[in-house]
């Protein structure tokens, strides 16, 4: 039996995305976005949604680029700080001690301390409502050398990405693998 | 030190979304989407990306509606089956034993067994590349009465949503809460 909770933005899970940009003066900034996700395989694209009032908004429009760092358990306080302050008021890198790294591929910075980063070129700008969705083509993904597994692939258990619960406004982690995709469903095919 | 892995659709975490639609004949169908996320707060909207070849594509275009069920640990095999078969070939509800429920709000069905469902009206259709992004306005969210906590909010620990790891193609769960959002970052403000 299901009960209505109204027209709300409740999805499980949400990511915690550290969106990196340069402002007009070239100051690096980070913002936190939970409204986002992969939106195309070819070209590989990610969508992140921002309100126009966000300091990062003009930065993305002007530089036509952004990065997306994956927030992780070890840097939870820093990731949260990024989400509760504005680059208009503070230098988030200076306060958090995070290290800005200039992308060599797109006109945007990322924080060295987040284990995975997606470097993106702005491809589409979609006005939806109070949020604008920026679709970025993923030019490259980079991971810290210590978050790969022996098979050479990025290892989610080493990355320890944060999950954002918008219902209770909490951060969660990710458990060990509990099933193989494209595999466990085959039982039902018989 | 970061190592490049190329232009890939690697994000952590991804959701596992059970997209419900009716086809022309009125047959209910489900597909699995990992490419999606909330994209606007007002109006509340969710984006899901599909390839044109998907059976669900025409269904969404014609009915201008879809539902999004949250795949959960208890129904992992069913959710995976939904992702490896096509509604062109099989009746996924019949094979899995999932129960189709007609939404009273939008022209689409959902599976009763997934604990949370978002009922969506198609708002925008964005052609990106091999994927088309459907942006749906969330008309209502419904949850099973047993996935609410005492405060009346949806409880992620009772929902037990699946997390999809696109790197190793695995399903994971979500751990207990490890930090309060908009709170733990305040330490750094001092």
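Here are a few things to note about the model shown:
- FRET efficiency, 1/(1 + (r/R0)^6) with R0 30 Å, evaluated for residue A:74 and residue B:112 via beta carbons: 0.15
- The range A:162-177-the range B:22-44 distance, computed between alpha-carbon centres (Å): 22 Å
- Remark on the range A:14-189: Rg and Dmax equal 16.5, 58 Å (Cα only).
- Choice from A:98, A:50, A:11 with maximal GNM fluctuation in chain A (Cα, 10 Å cutoff): A:11
- Listed residues B:85, B:132, B:175, most fluctuating in chain B (Gaussian network, C-alpha, under 10 Å): B:175
- Teacher prompt: residue A:3 distances to equivalent labels in other copies, 7 Å Cα→Cβ, nm: 4.9
- Nm distances between copies for residue A:158, ranked from closest, using label points 7 Å along Cα→Cβ: 3.9
- Comment: the Cα-to-Cβ extended label point of residue B:52, at 7 Å, lies 3.3 nm from its counterparts in the other copies, nearest first.
- The order of A:150, B:91, going from fewest to most other C-beta atoms within 10 Å of their C-beta, is A:150, B:91.
- Of B:97, B:36, B:129, the one that fluctuates the most in a GNM where chain B has Cα springs shorter than 10 Å: B:129
- For the range B:76-164, alpha-carbon Rg relative to the globular expectation (2.2 N^0.38 Å, N residues): 1.24
- 10 Å Cβ neighbours from other chains, averaged over peptide B:28-37: 4
- Axis-proximal residue of chain A for the rotation onto chain B, reported as residue and distance in whole Å: A:37, 2, based on Cβ position.
- By the count of other C-beta atoms within 10 Å, a proxy for reagent exposure, B:148, A:93, A:12 are ordered fewest to most as B:148, A:93, A:12.
- The convex hull built on the alpha-carbon positions of the protein assembly as shown has an orientation-averaged projected area of 17.2 nm².
- Exercise: per-residue mean of other protein chain Cβ atoms within 10 Å, B:63-76: 1
- Within the range A:76-100: backbone nitrogen closer than 17 Å to the residue A:146 label point (7 Å, Cα to C-beta): A:76, A:98-99
- Value at 222 nm in deg cm²/dmol, rounded to 500, when DSSP H runs of n ≥ 4 in the protein assembly as shown each add -39,500 (n - 2.57): -3500 deg cm²/dmol
- Exposure proxy ranking, count of Cβ atoms within 10 Å, fewest first, for B:51, A:121, A:54: B:51, A:121, A:54
- Relative contact order (percent, whole number), the range A:14-189, Cα cutoff 8 Å, 6+ residue spacing: 24 percent
- For A:137-144, mean number of other protein chain Cβ atoms within 10 Å: 5
We did not get these values from a lab; they are worked out from the coordinates using the rules stated. For clarity, every value in this text was computed on a predicted model and none was experimentally measured. All Cβ positions, even for glycine, are placed from backbone atoms using ideal geometry, and neighbour counts span all protein chains on display.
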